1. Provide Rg and Dmax in Å for segment 340-382, with only Cα atoms included in the calculation.
2. Where in segment 151-237 are there trypsin sites (Lys or Arg not before Pro) that are in a DSSP coil and have at most 15 other Cβ atoms within 10 angstrom of their Cβ?
3. Give the value in nm², to one decimal: projected area of the alpha carbon convex hull of the chain, averaged over all directions.
4. Rounded to the nearest 0.05, what FRET efficiency is calculated for residue 318 and residue 158 with R0 set to 56 Å and r the Cβ-Cβ distance?
5. Report relative contact order for the chain in percent, whole number only (criteria: Cα-Cα under 8 Å, sequence separation at least 6).
6. Could you please tell me the mean projected area of the C-alpha convex hull for segment 231-310, averaged over all directions and given in square nanometres to one decimal?
7. For segment 141-213, max minus min Cα coordinate along each principal axis, in Å, sorted largest first?
8. Could you list log10 I(q)/I(0) for segment 362-410 at q = 0.20 Å⁻¹, which the Debye formula gives when each Cα is one point scatterer?
Amino acid sequence: MGGVMIRINENYLKLEASYLFSEIAKRVAAFQESHPEQEIIKLGIGDVTRALPKACLDAFHTAVDEMGDDASFRGYGPEQGYLFLRQKIAEKDFQARGADIGEDEIFVSDGAKCDTGNLQEIFATDITIAIPDPVYPAYLDTNVMAGRTGLFNDGRYDGIVYMEGKWENGFVPALPDQKVDLIYLCFPNNPTGTTIGKDQLKTWVDFARDNRALILFDAAYEAFIRDDQLPHSIYEIEGAREVAIECRSYSKTAGFTGTRCAYTVVPKSCRAWSVDGSSHLLNQLWNRRHTTKFNGVSYPVQRAAEAVYSPEGQAQTHALVNYYLRNAELIRNEIGKLGYECIGGENGPYIWVKAKTDSWRFFDTLLKKAGVVCTPGAGFGRCGEGYVRFSAFNHFEKVQTAMARIGEAL
Ligand code: PLP
């Protein structure tokens with residue numbers, strides 16, 4: 001029998017944990033069914049609520065019209081993204097900040113989720129992965145699927161080096177005390193909203209250089225940084241060009257969660273090694289992977305993303321992000337007044353709150369007593385137990401209502 005039937009990738013069977021957001025959706029749906037009159041306010045999942053900036057929308061419309069005319073119609077574009085967009089990215093997101101990144105090091109894609117998930121594919125399956133706890137779940141699950149872990153035991157996968165975020169270290173984990181190969185970092189952080197300074201980030205870059213490791217730096221929330229001292233890119237750190245890949249996204253920067261556009265930077269000086277000891281350029285490997293499995297982001301979407309860099313686009317996206325940061329400030333203040341400690345929400349859209357009870361209990365209380373949805377920290381890893389995440393993505397008036405209700409409920 002064994003040889004005659006189609007078999008699955010058994011690593012998928014290790015994906016033990018029920019997916020966080022589906023469990024939340026289930027509990028919210030059950031509550032709504034028994035309380036149909038209750039308006040539920042969602043401060044849970046990190047999805048934007050406001051319309052695309054006008055500059056992006058106008059560019060989008062114009063490009064759609066171009067597609068309707070044989071003279072300006074475009075078919076397949078470059079898999080790596082159109083040069084008009086990659087040049088703007090290199091110049092405005094990196095060179096303007098003193099980071100030495102060129103357009104041929106940029107790969108435009110349809111999402112940072114896909115990129116962070118796909119990147120692991122160019123590395124050996126037996127490398128050691130270091131992942132923060134708590135963490136954006138996709139980093140972990142994609143490595144499980146690839147077979148880099150053992151089974152899920154007591155809330156953790158065997159074989160992963162977990163880097164623990166705690167209240168005491170401000171949820172910036174300490175450097176691993178063992179040899180690791182691929183290190184996932186995300187700043188400003190999801191779920192904790194915490195940030196990292198240049199000196200601290202330098203210790204990670206130095207660690208990666210000393211250990212011939214690589215950092216996958218997820219900067220999906222870079223646009224929320226308001227503190228001038230904080231780095232926006234890992235390439236602002238000396239030496240990072242040799243040891244870091246950076247992922248960015250227009251999802252939260254410009255309201256593109258439903259429009260889909262992101263990019264990954266793979267510098268030409270990043271290397272990894274084959275078993276015979278020879279080194280290989282990751283830019284070439286990723287280019288091979290990207291052009292083989294991906295056929296590019298649609299032309300109108302890339303034009304809409306390009307518009308982010310126009311003067312109007314810059315002003316509008318800044319205002320958009322400020323809108324969410326005002327929500328974050330309100331959440332921080334109101335939660336603080338109720339006697340709860342929190343971090344985040346100043347340079348990122350997430351507020352990470354010490355729940356004073358277990359995560360899911362706090363979640364249930366908030367849902368039942370206030371009709372407000374947050375995200376239980378335990379869903380992001382063992383170290384998230386005892387915390388909840390509030391997302392600042394909603395309409396200001398709804399956040400006001402939510403906080404008033406929470407004030408009465410807690
Ligand atoms: N990376 C982090 C840390 C995120 O929180 C998210 C979305 O919530 C993503 C990546 C996904 O971004 P995208 O919409 O570009 O796929």
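1. Over segment 340-382's Cα set, Rg and Dmax evaluate to 10.7, 30 Å.
2. Of the trypsin sites (Lys or Arg not before Pro), the ones in loops of segment 151-237 whose Cβ has at most 15 other Cβ atoms within 10 Å are 166, 179, 212, 226.
3. The orientation-averaged projected area of the Cα hull of the chain comes to 23.5 nm².
4. Values: r = 45 Å, r/R0 = 0.80.
Efficiency, rounded to the nearest 0.05: 0.80.
5. Values: 803 pairs, mean separation 94.1, N = 410.
The normalised contact order for the chain reaches 23 percent.
6. Working: hull surface 27.9 nm².
So the Cα hull casts an average projection of 7.0 nm².
7. 36, 28, 19
8. The calculated log intensity ratios at q = 0.20 Å⁻¹ are -0.68.
Each value in this text was obtained by applying a stated rule to the coordinates, not by laboratory testing. Predicted, not measured: the structure shown is a model, and the values here were computed from it. So basically every Cβ, Gly included, is an ideal-geometry build from the backbone, and we count neighbours across all protein chains shown.
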